[in-house]
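J.: Once you've had a glance at the structure underneath, I'll fire off some questions.
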Amino acid sequence: MDKLLRKLDAPKENDRALRRTVIEAALAMSREGLSPGRSGNISTRTVGGMLITPTGMTYDVLREENIVFVGENGKTRPGSLQPSSEWQMHNALYAMRPETGAIVHCHSMDATALACAGRPIPAFHYMVAVAGGADIPLVPYATFGTRELAMSVVAALKDRKAALLAHHGQIACGPDLAAALDLAREVETLAGQYCRVLQIGGGPLLDAAEMRRVLEKFQGYGQQ
């Protein structure tokens, strides 16, 4: 029976590369200081579900077989490790957003500081539009790993690609892991800049009309 379970959970050849990508992104997130210690989690969409980092493991010891497959129905394969405690949040986002291929959730310093202060990131800088709207919203607090938190994140990301999570951290989505990780980096950079703006007394915000223009320009920005 043990041999059967190991065989069932062994990485299939066609998803080994995807599992390695998850590990590489998790290592980058940790080494860049976006999520200290064992905090945060990363997932990518795959056929029939997602591949997600396991709960309670440091990223530098992860191997391909440690990355957990979670089906669209929320079930894991026999004998697998337990998925991240936030698997429900990832699963709900994939169900809502068919264009999303990967999700990065981290506890980066400045984004978490703002989230703990109960502050979203408003239109203090035009690059806030990188998250898909005129601000980077704040998701109301709910206990980690709960369906309540998952549903709150889904609601906040209905028309956004990133958000802050009150008393928790940040979350970023993208078509693939490289894009999701880049967005998480951008959110942290913006959070740090906004913290400095607040330290010197705050400042004016860009108005709704200007943010609409910025969002329109973002549609064709960069190498398409």
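Just so you know, all these numbers are worked out from the coordinates, no wet-lab data involved. Source: prediction; values computed, not measured. Don't worry about glycine lacking a Cβ; one is built from the backbone with ideal geometry, like all the others, and counts go over all protein chains shown.
J.: Would the stretch 2-218 count as rounded, prolate or oblate if I go by the C-alpha gyration tensor, calling it rounded below 1.5 in a/c and otherwise prolate when a/b exceeds b/c, oblate otherwise?
T.: prolate
J.: How would you order 68-75, 117-124 from highest to lowest mean count of nearby Cβ atoms within 10 Å?
T.: So the peptides 68-75, 117-124, ranked by packing, come out 117-124, 68-75.
J.: How many nm is it between the label spots at ALA178 and ARG77, if each spot is 7 Å from the Cα in line with the beta carbon?
T.: With each label point 7 Å from Cα toward Cβ, the separation is 2.6 nm.
J.: I need to check one value: relative contact order of the stretch 26-79, counting alpha carbon pairs closer than 8 Å and at least 6 residues apart, in percent.
T.: After rounding, I find 29 percent.
J.: A further question on this structure: Within the stretch 174-213, whose backbone N sits under 18 Å from a point 7 Å along Cα→Cβ of VAL154?
T.: It comes to 174, nothing else.
J.: Turning to a different aspect of this structure: Running a GNM on the chain with Cα contacts under 10 Å, which residue among GLY132, GLY201, GLY145 ends up with the highest mean-square fluctuation?
T.: GLY201
J.: Additional query: Mind pulling the angle between the C-alpha long axis of helix 13-31 and the longest principal axis of the chain? Nearest 10 degrees, somewhere in 0 to 90.
T.: 50 degrees
J.: Same structure, new question: Could you work out the relative contact order of the chain, using alpha carbon pairs under 8 angstrom and six or more residues apart, expressed as a whole percent?
T.: Averaging sequence separation for qualifying contacts and normalising by length gives 20 percent for the chain.
J.: Hey, what number do you get for the chain at 222 nm if only DSSP H runs of n ≥ 4 count, each worth -39500 (n - 2.57), divided across all residues, to the nearest 500?
T.: Result for the chain, helices only: -12500 deg cm²/dmol.
J.: To the nearest 20 Debye, how big is the dipole of the stretch 2-218 about its Cα centre, given +1 on the beta carbon of each Lys and Arg and -1 on that of each Asp and Glu?
T.: My answer is approximately 400 debye.
J.: Test of understanding: what is the full-extension gain from ARG63 to MET127, defined as 0.36 nm times their sequence separation minus their Cα-Cα distance?
T.: Full extension of this stretch gives 19.4 nm more.
J.: Turning to a different aspect of this structure: Place +1 on the Cβ of every Lys and Arg and -1 on the Cβ of every Asp and Glu in the chain, take the dipole about the Cα centre, and give the residue among THR21, GLY201, PHE124 whose Cα lies farthest towards its positive end.
T.: Of THR21, GLY201, PHE124, it is THR21.
J.: Once the dipole of the chain is set up with Lys and Arg at +1 and Asp and Glu at -1 on Cβ about the Cα centre, which of LEU157, TYR141, SER80 lies farthest towards its positive end?
T.: Value: SER80.
J.: Could I ask something else about it? Got the relative contact order for the stretch 39-172 handy, in percent, Cα pairs under 8 Å and 6 or more residues apart?
T.: The value is 25 percent.
J.: Using Cα atoms only, what is the angle between the long axis of helix 147-156 and the major principal axis of the chain, expressed in degrees (0 to 90) to the nearest 10?
T.: 40 degrees
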